[in-house]
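Input: a single structure, listed below in structure tokens.
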Amino acid sequence: MPNLNRKIDKSINSHPDFPVIDAHVHLYPDAIAAKVTPSLAQRFGNAPSFDGTVAGCRAKNAACGITASLNLPVATKPDSVGHTNAFWAQYAKGPDIFSFACFHPQIEDKGGEIEKIASLGFSGVKLHPEYQLFRFNDSCMDDAWAAMSEFGLVVYLHAGGERVFSPPFHSSPSEIATLHKRFPKLKIAAAHLGGFGMWDEAEEVLAGEDVFLDLSHTFFWMPHGQILRMIRKHGAHRILFGTDAPWQDPGQVLEAFLALPLSEAERRAICGGNFEELIS
Ligand SMILES: [Zn+2]
């Protein structure tokens, strides 16, 4: 019976019969989404796959066969961190919409802010070096990395190039490898398979390292053969399914992912098992 359902669903979309967590989405509180989503759509040059709200994400997920999503909020200035995290704390533990906290490198009391984020119940923090103008190994970040390691918080890093910014970029796969060496207890998740547009470097210096890499903005942007090779080289147990929704269509990304010749065990791990491990 499940196989039959799967066949019928496939004509509309691929609905796997195991949980699928989209570990990389960008959501906005309703009032902000109405303004931010259209302006970002113009900036990115592509229409969003939904309106950027929690309700929009839930509806899209239901249509695509996605069980839950992880929101990664980005603070563009230090004084927006407090109220943004106060809002997203209600989603810190899921169950269908999870949220990490935002953080900003210009916060003075980094250890204190990380402690506050941990006490709000978040499992991790998102950082974006292009919007936040810093490098992972700047000495000003050392207190933050140490505090995240101490509280067991994941750091979810934007990695590599970025569609709407120009080079030189503020991060690279090599810098992530260096950060991992400097703070081996820090739980790192790097987006875009370790470096958008820098995949040969990521394959060389990050594949096989004890960091999580996500699949957002890799399908349709790089050779799918290289995605498969990197998954195998890195180990499927450290790969996260992610889509960057609403800026990619999660249904299309899931369909492309399911088309890769992976085993059922690898698919289950990438789609959900590894996320459980990430936030544990
Ligand atoms: Zn993103």
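The values are calculated or read from the model by the stated rules, or taken from the named source; none is laboratory data. The model shown is predicted, which means the values in this text are computed figures rather than measured ones. For neighbour counting, all protein chains shown are included, and Cβ atoms are generated from backbone atoms with ideal geometry for every residue, glycine included. These area figures cover heavy atoms from the full protein model, side chains too; ligands, DNA and RNA do not enter into them. Shrake-Rupley method; radii C 1.70, N 1.55, O 1.52, S 1.80 Å.
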Suppose every K and R has +1 on its Cβ and every D and E has -1 on its Cβ; what is the size of the dipole of the stretch 1-150 about the Cα centre, in Debye to the nearest 20?
740 debye
Amide H partners (placed H, <5 Å) of L70, local residues excluded
D22, A23, H24, V25, F98
Step through the residues of the stretch 55-67 one at a time and calculate ³J(HN,Hα) from phi using the Karplus curve (6.51 cos²θ - 1.76 cosθ + 1.60, θ = phi - 60°), rounding each to whole Hz and writing x for Gly and Pro.
5, x, 5, 4, 5, 5, 4, 4, 6, 9, x, 9, 7
For the stretch 154-211, which trypsin sites (Lys or Arg not before Pro) pass both filters: DSSP loop (anything but H, G, I, E, B) and at most 15 other C-beta atoms within 10 Å?
R163, K185
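Quick one: pull the percent of accessible area on the chain belonging to carbon and sulfur, 1.4 Å probe, ligands and nucleic acids left out.
Answer for the chain: carbon and sulfur cover 55 percent of the accessible area.
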For A245, list long-range residues whose amide hydrogen, built 1.01 Å from N in the peptide plane, is under 5 Å from its own amide hydrogen.
H26
Just name one of I114, A59, T84: the one whose Cα is farthest towards the positive end of the charge dipole of the chain (beta-carbon charges, Lys/Arg +1, Asp/Glu -1).
A59
Cα-centre dipole for the chain with unit charges at Cβ (Lys and Arg positive, Asp and Glu negative), debye to 20
520 debye
Positive dipole terminus of the stretch 77-221, leading residue within L153, F169, P184 (C-beta point charges):
L153
Gyration tensor verdict on the stretch 19-279 (Cα atoms; rounded if a/c is under 1.5, prolate if a/b is larger than b/c, oblate otherwise)
rounded
Relative to the longest principal axis of the C-alpha atoms of the chain, give the angle of the C-alpha long axis of helix 110-119, reported between 0 and 90° and rounded to the nearest 10°.
40 degrees
Per residue of the stretch 95-101, what does 6.51 cos²θ - 1.76 cosθ + 1.60 with θ = phi - 60° give for ³J(HN,Hα)? Whole Hz please, x for Gly and Pro, Karplus curve as stated.
x, 10, 10, 9, 9, 8, 8
Can you work out the Karplus-derived ³J(HN,Hα) for every residue in the stretch 135-144? Use 6.51 cos²θ - 1.76 cosθ + 1.60 with θ = phi - 60°, whole Hz, and x for glycine or proline.
10, 4, 9, 4, 5, 5, 8, 4, 4, 5
Taking only protein heavy atoms and a 1.4 Å probe, what accessible area per residue, in Å², does the chain have with all protein chains in place?
41 Å²
